[in-house]
2 protein chains.
Amino acid sequence: MSVVSESEPDIVRMNPRTRRVRQVILDAAVEVLLTDGAEHVTATHVAGRADVARTTIYRHWPDQAALLLATIDAVASPHHPPPGVGVLDRDLRSALENLRTRLMVHQSRPVFGALASHAHHDEGFAVAQRRFVEQLVRPVAAVLEAAGERGEVGGELDSQLEATLLAGPVLHHHLMLHADVTDGLIEAVVARWLVVHDLG
Amino acid sequence: MSVVSESEPDIVRMNPRTRRVRQVILDAAVEVLLTDGAEHVTATHVAGRADVARTTIYRHWPDQAALLLATIDAVASPHHPPPGVGVLDRDLRSALENLRTRLMVHQSRPVFGALASHAHHDEGFAVAQRRFVEQLVRPVAAVLEAAGERGEVGGELDSQLEATLLAGPVLHHHLMLHADVTDGLIEAVVARWLVVHDLG
DNA sequence: ATCTTACACAACAATCCGTATTTTAAACAG
DNA sequence: CTGTTTAAAATACGGATTGTTGTGTAAGAT
């Protein structure tokens, strides 16, 4: 599932104990990330919460940045939304509402903040940030592509761009403005998109 | 100009030397923020770059977070765009292009990342983040309000929401996706907005 | 049962933060 | 110009953190 480009350890062929300890560390790191924040995802704190020797963490990840990236990768796993009912406007609203709940339940703000703050220096964080956002937007694009295959919309539209225009305001409100995503916002975004595409 | 709510020191009635040193420190801090990143905006690094005793920084700001907030406040000063020509569609495009250049020239990504990463724990950073984003969006809202006063659009529209829908995709591309804001994106956003409001 | 691997444990230097104290120099008042 | 006030420089300190190294020990593989 993990799509990390760098040398991914062969988790399958590891010691059972190693695999177990590694998972315990990652679980604790995720917990620390979501409760205490990204700047506390450090060898000391994570080791304390995982009841693991601090040096063990350095055996698995070379430094704090690597541990944080792995932690974010663990918490931001791809999502497979339930298939829509096959009606574009309903599926679009569902996709955006689903996005909203994912944003809230997955504590996306601290994760996104950690990514954004490191992306400036560390290219690994930059690509992780892109991946994080694109993965949030992807279900919306999937709805559009499904509608395209049904012939409900013109097939020549750029589903990536269209999905960005639909999901963008939701992400903007939640991640940038720290504001609630209201039903009215979702409704307005979807309604306008339908008007523009002569489906209103 | 600075709208920091907390106890703002009376810069006017300070010692000339104090005022000078304070400015030197802030300048160095801004430099550190933009080149090395927010996590290096620390007493040690800033003092080193400003050629100032480290302890002096603690006389002005109680801790690292306060220094970082002041630094961001210094770099993210409000912007007064030139007035538009009075034609809505042209002014909207200008406002979005102006926004794009501001994002690039003002190194908004590291600033935004620092705000986003601290906003989770520190309410001061949360409001600063909101202020930062709203200040970026405000010129677009101003264009809409001016058009409303001219009667070019219906006066009952929520200029804040509309500006968010217009500027959102630009911010989304630049700050979230680390992608370039193309002319095509701006054109698409504006054209669609005009269509929705029967101005296309 | 033996051997290999990896974790626990302890100690290490290097760094940094925030504070307190003393010394020095700048700004100001008479 | 001189004495006083103010703030910065210099130094030192305790506490905490990062990343490294080395030694024992127990889990897992053969």
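Data table
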{"quantity": "Hey, B:Ala95 in the same structural domain as B:Val111 (by TED's automatic domain parsing) and either under 23 Å from the mean Cα position of the chain (by Cα) or within 13 Å of DNA strand C (Cβ to nearest atom) (or both) or not", "calculated": "yes"}
{"quantity": "Counted residues, region B:98-131 - those being part of a loop (DSSP other than H, G, I, E, B), within 20 Å of B:Asp36 (Cβ to Cβ) and of a type outside the set (S, T, N, Q)", "calculated": "1"}
{"quantity": "Cβ pairs under 9 Å, 6+ apart, first in region A:60-73 and farther than 20 Å from A:Thr18 by Cβ and part of a helix (DSSP H, G or I), second more than 7 Å from DNA strand D (Cβ to nearest atom) and of a type in the set (Gly, Ala, Ser)", "calculated": "A:Ala65/A:Gly124; A:Leu68/A:Ala29; A:Leu68/A:Ala38; A:Leu68/A:Ala114; A:Ile72/A:Ala38; A:Ile72/A:Ala114; A:Ile72/A:Ala128"}
{"quantity": "Within region B:8-44, tally of residues that are within 15 Å of DNA strand D (Cβ to nearest atom) and more than 14 Å from every other protein chain (Cβ to nearest Cβ)", "calculated": "23"}
{"quantity": "Qualifying positions in region B:105-129 - within 7 Å of chain A (Cβ to nearest Cβ) and either in contact with a Ser or Thr (Cβ under 6 Å, 6 or more places away or on another chain) or in contact (Cβ under 8 Å) with a residue 60 or more places away in the chain (or both)", "calculated": "B:Arg109, B:Pro110, B:Phe112, B:Gly113, B:Ala114, B:Ser117"}
{"quantity": "All positions within region A:164-187 that are buried (at least 19 other Cβ atoms within 10 Å of the Cβ) and among the β-branched types (Val, Ile, Thr)", "calculated": "A:Thr164, A:Val170, A:Val181, A:Ile186"}
{"quantity": "Qualifying positions in region A:45-75 - within 19 Å of A:Arg131 (Cβ to Cβ) and either of a type in the set (S, T, N, Q) or within 8 Å of DNA strand D (Cβ to nearest atom) (or both)", "calculated": "A:Ala65, A:Leu67, A:Thr71"}
{"quantity": "Qualifying residue in region B:137-152 (condition: within 10 Å of chain A (Cβ to nearest Cβ), buried (at least 19 other Cβ atoms within 10 Å of the Cβ) and either in a loop (DSSP other than H, G, I, E, B) or touching a helix residue (DSSP H, G or I) at 6+ places or on another chain (Cβ under 8 Å) (or both))", "calculated": "yes"}
{"quantity": "The lone exception for B:Gly86 - which of (1) touching a Lys or Arg at 6+ places or on another chain (Cβ under 8 Å); (2) closer than 30 Å to B:Thr182 by Cβ; (3) surrounded by 15 or more Cβ atoms within 10 Å (Cβ to Cβ); (4) not aliphatic (A, V, I, L, M) it fails", "calculated": "(3)"}
{"quantity": "Output for region A:43-63, where each listed residue is away from DNA strand C (no atom under 13 Å from the Cβ) and within 21 Å of A:Glu123 (Cα to Cα)", "calculated": "A:Pro62, A:Asp63"}
{"quantity": "Test: residue in region A:163-181 that is closer than 20 Å to B:Thr164 by Cα, outside any helix (DSSP H, G or I) and more than 9 Å from chain B (Cβ to nearest Cβ)", "calculated": "yes"}
{"quantity": "Subset of region A:35-44 that is crowded, with 17+ Cβ neighbours inside 10 Å and in a helix (DSSP H, G or I) - its residue that is modelled with the highest pLDDT", "calculated": "A:Ala43"}
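Yes/no matrix, rows are residues, columns are (1) within 27 Å of B:Leu34 (Cα to Cα); (2) among the aliphatic types (A, V, I, L, M):
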residue: A:Val133; (1), (2): yes, yes
residue: A:Ala141; (1), (2): no, yes
residue: A:Gly155; (1), (2): no, no
residue: A:Asp158; (1), (2): no, no
residue: A:Leu165; (1), (2): no, yes
residue: A:Val170; (1), (2): no, yes
residue: A:Leu175; (1), (2): yes, yes
residue: A:Asp180; (1), (2): no, no
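The values are calculated or read from the model by the stated rules, or taken from the named source; none is laboratory data. Predicted model only: the values in this text are computed from it and were never measured. A quick note on method: Cβ atoms are made from the backbone with ideal geometry, for glycine too, and the neighbour counts reach across all protein chains shown.
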